[in-house]
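Engineer: Before I ask anything, let me first share the structure, which is written out below as structure tokens.
Every number in this text was worked out from the coordinates using simple rules, so none of it is lab data. Since the model is a prediction, treat every value here as computed from it, not as a measurement. Using ideal geometry, Cβ is built from the backbone for each residue, glycine included, and neighbour counts are taken over all protein chains shown.
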Amino acid sequence: MLVLVVAKGYISRLMRNEAISGYLKRHHKDLSEELTSVMESITTDTRNQERE
């Protein structure tokens, strides 16, 4: 789980970079959407783990 949280932090930092996120949205829209989906899933999983 820790590895996923660290990976999510790294990906979210990359996606906050306008140059990177803009490039991905223009040239690799499907990848951009998938990365966003994965980050949301990890966030949901971590919240559920914290409640248990």
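Engineer: What number do you get for the chain when its Cα radius of gyration is normalised by 2.2 N^0.38 Å, N = residues?
Structural biologist: Expressed relative to 2.2 N^0.38 Å, the Cα Rg reads 1.24.
Engineer: Pick out, from 44, 14, 1, the residue whose Cα sits farthest towards the positive end of the charge dipole of the chain, with +1 on the Cβ of Lys and Arg and -1 on the Cβ of Asp and Glu.
Structural biologist: The residue sitting farthest along the positive end of the dipole is 14.
Engineer: Quick one: helix 29-51 against the long Cα principal axis of the chain, what's the angle to the nearest 10°, folded into 0 to 90?
Structural biologist: Tilt relative to the chain: about 20 degrees.
Engineer: If you don't mind, another one. Given only helices, namely DSSP H runs of n ≥ 4 each adding -39500 (n - 2.57), what is the per-residue ellipticity at 222 nm of the chain, to the nearest 500 deg cm²/dmol? Intermediate values should be presented prior to the final figure.
Structural biologist: Values: 3 runs with 48 residues, N = 52.
Calculated mean residue ellipticity at 222 nm is -30500 deg cm²/dmol.
Engineer: Given charges of +1 on the Cβ of Lys and Arg and -1 on the Cβ of Asp and Glu, with all other atoms neutral, how large is the dipole of the chain about its Cα centre, in debye to the nearest 20?
Structural biologist: In debye, rounded to 20, the chain gives about 220.
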